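So the structure is just underneath, and the comments pick up after that.
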Amino acid sequence: MTDRLRSGDYARKQIYCPSSVVAWSHGSRFRLAADLAAEGAGGRLLDYGCGDGTFMALTHGTFAEAVGADIDLSQLEECRRRLGDLPGLSFVPTADLVGAHHTEAFDVVTCMEVLEHCLDAERVRVLDQLRRLVTPSGRLIISVPIEVGPALAGKQLFRALAAWRGQGDYRYRETYTPRELLAAVVGGPNLARARYTVQGPQGPVEYCGHKGFDWRILEREIAARFVVARRLFTPLGRLGAVLNSQVWFVCTPR
């Protein structure tokens, strides 16, 4: 299984990154996700925005069935090639998560490091979709990066250091002017989002980068649709939003 994990694009750049700091940070993220999801062991898992399937491979055997969904069709084909023979695993486009057979069908839904990339209207649409997909007694686990406050300064430093060392793909990281970085570190609102366009299967797809993302806005949107049972942080949990990389929301439907 380790070889399968290492062959994944995201896993190679994150939990197997040559940078011990990057590997530790992302490793703690996946360990927490596995622990939180395990409370729904034996049920059905949906990993929304599954990427290279790392989380599904790590938790294989925990759930009776696990479905990975992603917008990237080429990524899904790669997941099927690497992991498709594992019992109970399947991969589908997010666009296929429609119809009565998917409504309230999943005991655990995870959506990790996805919503920060959505434009505002799309993020709200995805939250509404996740609300429809999870069972009334199920749980939704969301994680997003912290890109405001003092944590950002440390993250940008390590990103620059990893880029200088040629680790991962940090040479393509988003950059800030001194004024932008100061505004984000002191927690000022309304920093312009970094937006990009790629060609999708049905035409151009616009998405956002990490720059300008404010998890506090997302928290209010989540609370309008779910009961937030727990809010957690990684990798230094007890330090809260001040010096952590990610924030987590463990939710139940309203």
Q: Please work out which residue is nearest to VAL144 (Cα to Cα), limiting yourself to segment 195-238 and to residues that are touching a residue at least 24 places away in the same chain (Cβ under 8 Å) and of a type in the set (Ser, Thr, Tyr).
A: THR234
Q.
Restricting to segment 218-254, and then to whatever is modelled with pLDDT under 95 and open to solvent by 50 Å² or more (accessible area, probe 1.4 Å), can you tell me which residue is farthest from GLN156 (Cα to Cα)?
A. ARG254
Q: Kindly check whether there is at least one residue in segment 16-35 that is buried (at least 20 other Cβ atoms within 10 Å of the Cβ), in contact with a Gly (Cβ under 6 Å, 6 or more places away or on another chain) and over 17 Å from CYS111 (Cα atoms).
A: yes
Q.
So in segment 62-75, with the set limited to residues that are surrounded by fewer than 22 Cβ atoms within 10 Å (Cβ to Cβ) and more than 16 Å from the chain's Cα centre (by Cα), which one is farthest from ASP9 (Cα to Cα)?
A. ALA64
Q.
Looking only at segment 112-135, count every residue that is among the basic types (Lys, Arg) and without any contact (Cβ under 8 Å) to a residue 24 or more places away in the chain and tell me the total.
A. 1
Q: At least 1 residues that are under 30 Å from ALA38 (Cβ atoms) and either open to solvent by less than 20 Å² (accessible area, probe 1.4 Å) or at pLDDT below 90 (or both) in each: list the helices (runs of 4 or more DSSP H) lying fully within segment 78-189 that qualify.
A: 120-133, 150-164
Q: Looking only at segment 92-111, decide whether some residue is in contact (Cβ under 8 Å) with a residue 12 or more places away in the chain, of a type in the set (Asp, Glu) and farther than 21 Å from ALA64 by Cα.
A: no
Q | Qualifying positions in segment 38-49 - open to solvent by less than 10 Å² (accessible area, probe 1.4 Å) and among the hydrophobic types (A, V, I, L, M, F, W, C) | A | LEU45, LEU46
Q) Taking segment 134-187, which residues are over 20 Å from the mean Cα position of the chain (by Cα) and either β-branched (Val, Ile, Thr) or within 30 Å of ASP107 (Cβ to Cβ) (or both)? A) THR135, PRO136, SER137, THR175, THR177, VAL185, VAL186
**Q.** Scope segment 197-215; condition surrounded by fewer than 15 Cβ atoms within 10 Å (Cβ to Cβ), in contact with a strand residue (DSSP E or B) (Cβ under 9 Å, 6 or more places away or on another chain) and of a type outside the set (A, V, I, L, M); matching residues
**A.** THR197, GLN199, PRO201, PRO204, GLU206
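The values are calculated or read from the model by the stated rules, or taken from the named source; none is laboratory data. Since the structure is predicted, the reported quantities are computational estimates derived from the model, not experimental observations. Here Cβ is always computed from backbone atoms with ideal geometry, including for glycine, and neighbour counts include all displayed protein chains. Note: areas computed on protein heavy atoms with side chains; ligands, DNA, RNA excluded. Shrake-Rupley method; radii C 1.70, N 1.55, O 1.52, S 1.80 Å.
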